[in-house]
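Each value in this text was obtained by applying a stated rule to the coordinates, not by laboratory testing. Keep in mind it's a predicted model, so treat the numbers as computed, not measured. When we count neighbours, we look across all protein chains shown, and the Cβ atoms used for this are built from the backbone with ideal geometry, even at glycine.
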Amino acid sequence: MSPILRIEDLDCFYGEVQVLHGLSLNLMRGEVHCLLGRNGAGKTTLLKAIMGLVPARSGKITLGAKNLVDLPAHEVPKAGVAYVPQGRRLFAEMSVAENIEIGLMARGKDAETRENVLALFPILRERLRQRTGTLSGGEQQMLAMARALCLEPDVLLLDEPTEGLMPSMIAKVRETVERLGERGVSTLLVEQRVDAVLPVADRVTFVENGRVRATVGVDEVRADPDMVKRYVGVG
């Protein structure tokens, strides 16, 4: 099976400071691929580079046959990549329904897509008229994921989706990611809480100083806890 997303020899800079050094990574269809590494390792920069928010100095980011590096940032979601950044970036003064509508507009999706998304997050159906800023942290994370999924993406990028969430909401995030994989959506997931994502990950890539140090199956990570300590610094 060929990768749906292929990243090859990617170099990215902030000003004159190089953050990603020849980074290469493949994401398979329906896969949950977790990026692990210490803060500042370059994980979030990689997600932003895929979205065109950080320019690639060299290298390729290929979705199917399309090189995303050639696209302006606003065209990347239309190509089929959805991004839920750390901190969620919702419109707090708007209602839940209005935030979802913004997601639908990005790729011209309709009421059927809206219903499919709400079926994944039933709690949001009860909150449609509620102002987004009054939702709990877990509900806001659900909304951020729902808005992204209104694109009907092939690839979903999640940056620290379990940050600050209660265990019950972390379980809901995991359940949603699993169900998306069953539908053929590929997820690239940045996380610090190793225990939160290993139950759903297929493969793990360890990133250190902007370089890929290892990409392994999740069973290998479970069998070798020292690998996590080495690259992430937690047991």
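Just from its helices, what would the mean residue ellipticity at 222 nm be for the chain, if runs of 4 or more DSSP H residues each count -39500 (n - 2.57) and the sum is divided by every residue, rounded to the nearest 500 deg cm²/dmol?
Working: 10 runs with 83 residues, N = 235.
Per the formula, -9500 deg cm²/dmol.
Among the trypsin sites (Lys or Arg not before Pro) in the range 41-117, which ones are in a DSSP loop with at most 12 other Cβ atoms within 10 Å of the Cβ? Mind listing them?
Working: sites: Lys43, Lys48, Arg57, Lys60, Lys66, Lys78, Arg88, Arg89, Arg107, Lys109, Arg114; in loops: Arg88, Arg89, Arg107, Lys109.
Sites meeting the loop and neighbour criteria: Arg89.
Calculate the spin-label point distance for Phe13 paired with Arg57, positioning each point 7 Å from the Cα along the beta-carbon direction, and give it in nanometres.
Between Arg57 and Phe13, the label points sit 0.4 nm apart.
Report the extension gain between Glu98 and Ala223 in nm, rounded to one decimal, defined as 0.36 nm multiplied by the number of residues separating them, less their alpha carbon distance. Walk me through the numbers on the way to the answer.
On the way: separation 125, 0.36 × 125 = 45.00 nm, distance 4.54 nm.
40.5 nm is the gain from fully extending Glu98 to Ala223.
If you build the convex hull over the alpha carbons only and average its shadow over all orientations, what do you get for the range 2-161? Give it in nm² to one decimal. Let's see the in-between values first.
Numbers: hull surface 39.3 nm².
Value for the range 2-161: 9.8 nm².
Determine the dipole magnitude for the chain: charges of +1 sit on the beta-carbon of Lys and Arg, -1 on that of Asp and Glu, nothing else is charged, the reference point is the Cα centre, and the result goes in debye to the nearest 20. Walk me through the numbers on the way to the answer.
Values: 30 positive and 31 negative charges, 45 e Å.
The dipole of the chain has a size of about 220 debye.
In the range 149-192, whose amide N lies under 17 Å from the spot 7 Å out along Cα-to-Cβ of Phe91? List them in ranges.
What the label zone holds, given the 17 Å backbone N cut-off, is 149-151.
Listed highest first by mean packing, meaning other Cβ atoms within 10 Å per residue, what order do 209-216, 198-205 come in? Write down the numbers at each step before the final one.
Details: 209-216: 16.4, 198-205: 20.0.
Going from most to least packed, we get 198-205, 209-216.
Could you give the dipole magnitude of the range 162-225 about its Cα centre, charging the beta-carbon of Lys and Arg +1 and that of Asp and Glu -1, in debye to the nearest 20? Please report the intermediate quantities before stating the final value.
Working: 9 positive and 11 negative charges, 33 e Å.
The dipole magnitude comes to about 160 debye.
When the Cα centres of the range 88-105 and the range 133-172 are compared, how far apart do they sit, in Å?
Their Cα centres are 13 Å away from one another.
Suppose the chain between Met105 and Ser136 were pulled fully straight at 0.36 nm per residue; how much longer would it get relative to their current alpha carbon spacing? Before the final figure, lay out the partial values.
Values: separation 31, 0.36 × 31 = 11.16 nm, distance 2.51 nm.
Extending this stretch completely gives an extra 8.7 nm.
For the range 94-235, state the semi-axes of the equivalent ellipsoid (square roots of 5 times the eigenvalues of the alpha-carbon gyration tensor), sorted largest first and rounded to whole angstrom. Before the final figure, lay out the partial values.
Working: eigenvalues 190, 52, 32 Å².
Taking √(5λ) for each eigenvalue gives 31, 16, 13 Å, largest first.
Using a basic spin-label model with each label point 7 Å from the Cα along Cα→Cβ, how many nm lie between Met28 and Ala214?
1.9
With the crude spin-label approximation of a point 7 Å out along Cα→Cβ, what separation in nm comes out for Glu126 versus Glu75?
A separation of 4.4 nm, rounded to one decimal place.
One-quarter of the Cα convex hull surface for the range 99-141, in nm²?
If you wrap the Cα atoms of the range 99-141 in a convex hull and average its projections, you get 3.1 nm².
Nothing charged except the Cβ atoms of Lys and Arg (+1) and of Asp and Glu (-1): what's the magnitude of the dipole of the range 115-202 about its Cα centre? Round to the nearest 20 debye. Could you put the intermediate results ahead of the total?
Numbers: 10 positive and 14 negative charges, 94 e Å.
So the magnitude is around 460 debye.
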